[in-house]
Amino acid sequence: MEQRAQRLRRPVFGAAAGIVVAFMIVGAFSMWTLIPFGWIWIGSKVSETQQPSGGPYTVVFVGIVVSICAMAWILSRLNHLYIRITGSTRLPRRYLPAWRKSLSDERSSLQGPSVLETVILTSVLLAAAAMAIWFFIAAGSPIPTQ
């Protein structure tokens, strides 16, 4: 009876863990997109002229730093929630790509990277790729053409 109840709860826990990971992904991507752009927009509204003084720059800088620290705290709380739901800090081993496995991995029973590590690393790599695409393709040349 206990095994049947555990089997019936497994999909619910899996869905809950998936929702937590989805919130972690949204939070991690917002650290590189929504937070900086939002504070730049707020700084533009604080400024009264086209040549702002140090005040709006300070608002933007402090706002970005405090917001990213708050988001990091929220991500750590979500990671703890994921651990409570699944009972594990790591992703299942089957999600590791083949190139990440070494000969020593065959001997050890270590699991893959933690969910938080994977989410943060993926968001940083995608943000860097998006910046490179924007810089080299979408931004255009800064040299005036006449």
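Observations, loosely collected:
- Test for Val46: is it without any contact (Cβ under 8 Å) to a residue 60 or more places away in the chain and within 18 Å of Ser30 (Cβ to Cβ): no
- Residue match in segment 104-115 (condition: within 16 Å of Ile25 (Cα to Cα), modelled with pLDDT of 85 or more, open to solvent by less than 90 Å² (accessible area, probe 1.4 Å) and assigned to a helix (DSSP H, G or I)): yes
- When Arg84 is tested against (1) open to solvent by 60 Å² or more (accessible area, probe 1.4 Å); (2) at pLDDT 90 or above, just one condition goes unmet, and that condition is (2).
- Trp134 open to solvent by 70 Å² or more (accessible area, probe 1.4 Å) and modelled with pLDDT of 80 or more: yes
- Qualifying residue in segment 43-66 (condition: open to solvent by 40 Å² or more (accessible area, probe 1.4 Å), at pLDDT 85 or above and not in a helix (DSSP H, G or I)): no
- When the residues of segment 118-141 are filtered to those that are free of Cβ contacts under 8 Å to residues at least 40 places away in the same chain and among the hydroxyl-bearing types (Ser, Thr, Tyr), the one that is farthest from Trp32 (Cα to Cα) is Ser141.
- Considering residues of segment 29-42 that are more than 16 Å from Ile120 (Cβ to Cβ) and open to solvent by 40 Å² or more (accessible area, probe 1.4 Å) only, the residue nearest to the chain's Cα centre (by Cα): Phe37
The values are calculated or read from the model by the stated rules, or taken from the named source; none is laboratory data. These numbers come from a predicted model, not from an experiment. Backbone-built Cβ (ideal geometry, glycine too); neighbour counts: all protein chains shown. To get the accessible areas, we keep the full protein, side chains included, count just its heavy atoms, and leave off ligands, DNA and RNA. Shrake-Rupley method; radii C 1.70, N 1.55, O 1.52, S 1.80 Å.
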